[in-house]
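Participant: Right, I'll just put the structure down here and ask away after.
The values are calculated or read from the model by the stated rules, or taken from the named source; none is laboratory data. Owing to the predicted nature of the structure, the values given are computational and were not obtained by experimental measurement. No Cβ is skipped: glycine too gets one built from the backbone with ideal geometry, and neighbour counts run over all protein chains shown. Side chains are part of the model used for accessible areas, which takes the heavy atoms of the whole protein and leaves out ligands, DNA and RNA. Shrake-Rupley method; radii C 1.70, N 1.55, O 1.52, S 1.80 Å.
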Amino acid sequence: MALPMLERFLGDEAATMRLGEDLAMALRPGDVLALHGDLGAGKSTLARALIRALADDTLLEVPSPTFTLVQSYDTRVPVHHFDLYRLASADELEELGFPDVLKDGAALIEWPERADDRLPDTAVAVELAHQDEGRSVRILGDGASYQRITRSLAMRDFLENSGWGAARRRHFVGDASARSYEIVSLADHAPRVLMNSPRLVLGPPVRDGKPYAEIAHTAQTVAAFVGVDRLLREAGIAAPEIHAQDLDNGFLLIDHLGTEGLLTPDGAPILERYALVSELLAFMHRQRWPDRIAVASDTFHVVPPFDRDAMLIEAELLIDWYLPAIRGHSASEDERNAFRTAWNTVLDRLRACELTLMLRDVQSPNFIWRGDRTGFDRLGVIDFQDALIGPSAYDVASLALDPRVTIEPAFEHAVVNAYVAARTAAGGFDRAAFDVAYAIMGAQRHSKILGIFVRLDRRDGKPFYLKHLPRIRDYLRRLLVHPALAEVQALYDRLGVLEEQV
């Protein structure tokens, strides 16, 4: 069966170099790109542009490996550039370190036909040939690496259609989801962010025939970001301007708000900045927000409610993932029933709480500090596509007990007090109801996070989130002393949730 294939015409050397960047943005450890073409077809130009894009260094020396046979580069994705032209036998590949290099890096292979059948079936062929005054390229493959390349080239097409086809692309940041971001630069323009937000892949049904993401109201398309962004900007909040959008493919070209955040260079929280976020939340929570927003001529985003089912399914990540990790076995059905009973009893106490637009991920990575601005314009706001209509206290607890930063009790109180002072000054604020909701929502959120961080390790191969677990347990200990959480505290004590085991 013929492999899937895409074709491009590269009109000049710059177009070949842009293709190298496009391939670099798609590259992951384990990938193999087999570069085919006659002498002078552009293989070295393509490889050099790819390696420099991974290194984010346009002047990086990238010599041809004709005589060394392989050159290795410690870039964002470690990459190993092979030239097999002088290979006497395919057996010599192992002496060059192939395929061991694929455990943590990727391989670019010129003259791959000399490898015989030693390349993996997942290798992607890149065939270059002279055509008129430029080059033609055919890319053939199957599997995840080919799909990533296809998507990266679609992103280049999106840039082309947006007037940014000649832009330089560089990796910016990824997150715990499938979303990723790049910095794109074009002469005489301020840099922008290219957002890659593929449609969410829904998992298997977990309850009532629905997958977890549907029950938890996780954003499924980029339309959610566009809708909430529009709400925030109309309210005068510094969310990024969207310059171009492709809702079907999940691509956005947006403002680059900056890179400075709420922390010192060594990772300590800065009270002035956290307090300003608190005051911004207080401002937001005094507003009336629509829950249906037009994002295109025929497309609307409806902001979902943070309902009981969503709260429970999130909290149950603790019993699904975290509890088995610390005990070595799954929870019993009786323990699961006790968990739901305790949390249902506690969540009943939220019936009279204030509801508002809840950004949901109010934490340090999602705010950009712009010290040259004034007022709330000093805060750029990002990563809000999962916003819901829910308890206002949720976002305050998310901020004041930042899961990625060690927040001491005195700092937490100062952040909460900044919010309370702003709400009290405006009038109509019920402090007692807020304190109840703050404790309950904080405990619900951090129960979820314990489960998510273990899931990211066990299911997704991202162990670096485990370093945050002791901090999350400490936050839960602070929250569970509130009388509104008595049933959950008793349950967690019985289950040993807060013992120092993971």
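Participant: From Val70, Val79, Val62, grab the single residue that is touching a Gly at 6+ places or on another chain (Cβ under 8 Å), buried (at least 16 other Cβ atoms within 10 Å of the Cβ) and under 19 Å from Gly42 (Cβ atoms).
Facilitator: Values: Val70 fails: under 19 Å from Gly42 (Cβ atoms); Val62 fails: touching a Gly at 6+ places or on another chain (Cβ under 8 Å).
Only one candidate qualifies: Val79.
Participant: Kindly provide the set of residues from segment 267-303 that are at pLDDT 95 or above and acidic (Asp, Glu), ordered by number.
Facilitator: Glu272, Glu279 - these are the residues of segment 267-303 that are at pLDDT 95 or above and acidic (Asp, Glu).
Participant: Okay, next question. Which residues, taken from segment 415-453, are in a helix (DSSP H, G or I), of a type in the set (D, E, K, R) and open to solvent by 40 Å² or more (accessible area, probe 1.4 Å)? Working first, answer last.
Facilitator: Taking segment 415-453 as the starting set, the residues that turn out to be in a helix (DSSP H, G or I) are 415-426, 431-453.
Keeping just the survivors that are of a type in the set (D, E, K, R) gives 423, 431, 435, 445, 448.
Within segment 415-453, Arg431, Asp435 qualify.
Participant: Which residue is surrounded by the most Cβ atoms within 10 Å (Cβ to Cβ), if the candidates are limited to segment 128-149 and must be closer than 19 Å to Ala24 by Cβ and out of contact with any strand residue (DSSP E or B) (no Cβ under 7 Å at 6 or more places or on another chain)?
Facilitator: Arg148
Participant: Within segment 387-406, how many residues are more than 20 Å from the chain's Cα centre (by Cα), of a type in the set (A, V, I, L, M, F, W, C) and buried (at least 21 other Cβ atoms within 10 Å of the Cβ)?
Facilitator: First, the residues of segment 387-406 that are more than 20 Å from the chain's Cα centre (by Cα): 389-394, 396-397, 400-401, 406.
When the remaining residues are screened for being of a type in the set (A, V, I, L, M, F, W, C), the result is 389, 393, 396-397, 400-401.
If we keep only those that are buried (at least 21 other Cβ atoms within 10 Å of the Cβ) as well, we get 393, 396-397, 400-401.
Within segment 387-406, residues that are more than 20 Å from the chain's Cα centre (by Cα), of a type in the set (A, V, I, L, M, F, W, C) and buried (at least 21 other Cβ atoms within 10 Å of the Cβ) number 5.
Matching residues to (1) surrounded by fewer than 18 Cβ atoms within 10 Å (Cβ to Cβ); (2) at pLDDT 95 or above; (3) in contact with a helix residue (DSSP H, G or I) (Cβ under 6 Å, 6 or more places away or on another chain):
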site: Val193; (1), (2), (3): no, yes, no
site: Val201; (1), (2), (3): yes, no, no
site: Glu214; (1), (2), (3): no, yes, no
site: Leu231; (1), (2), (3): no, yes, no
site: Glu241; (1), (2), (3): yes, yes, no
site: Ala244; (1), (2), (3): yes, yes, no
site: Leu262; (1), (2), (3): no, yes, yes
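Participant: Scan segment 22-53 residue by residue and report those that are among the hydrophobic types (A, V, I, L, M, F, W, C), touching a Lys or Arg at 6+ places or on another chain (Cβ under 7 Å) and open to solvent by 10 Å² or more (accessible area, probe 1.4 Å).
Facilitator: Met25
Participant: Then there is this: Can you go through Leu456, Leu498, Leu491, Leu466 and tell me which one is surrounded by 12 or more Cβ atoms within 10 Å (Cβ to Cβ) and either among the acidic types (Asp, Glu) or outside any helix (DSSP H, G or I) (or both)?
Facilitator: Leu498
Participant: Looking for something among the hydroxyl-bearing types (Ser, Thr, Tyr) and either within 20 Å of the chain's Cα centre (by Cα) or farther than 21 Å from Arg48 by Cβ (or both) - is there at least one such residue anywhere in segment 160-177?
Facilitator: Within segment 160-177, the first condition is being among the hydroxyl-bearing types (Ser, Thr, Tyr), and the residues that meet it are 162, 177.
The next check asks that each one be either within 20 Å of the chain's Cα centre (by Cα) or farther than 21 Å from Arg48 by Cβ (or both); those that pass are 162, 177.
Scanning segment 160-177, I find at least one residue that is among the hydroxyl-bearing types (Ser, Thr, Tyr) and either within 20 Å of the chain's Cα centre (by Cα) or farther than 21 Å from Arg48 by Cβ (or both), so the answer is yes.
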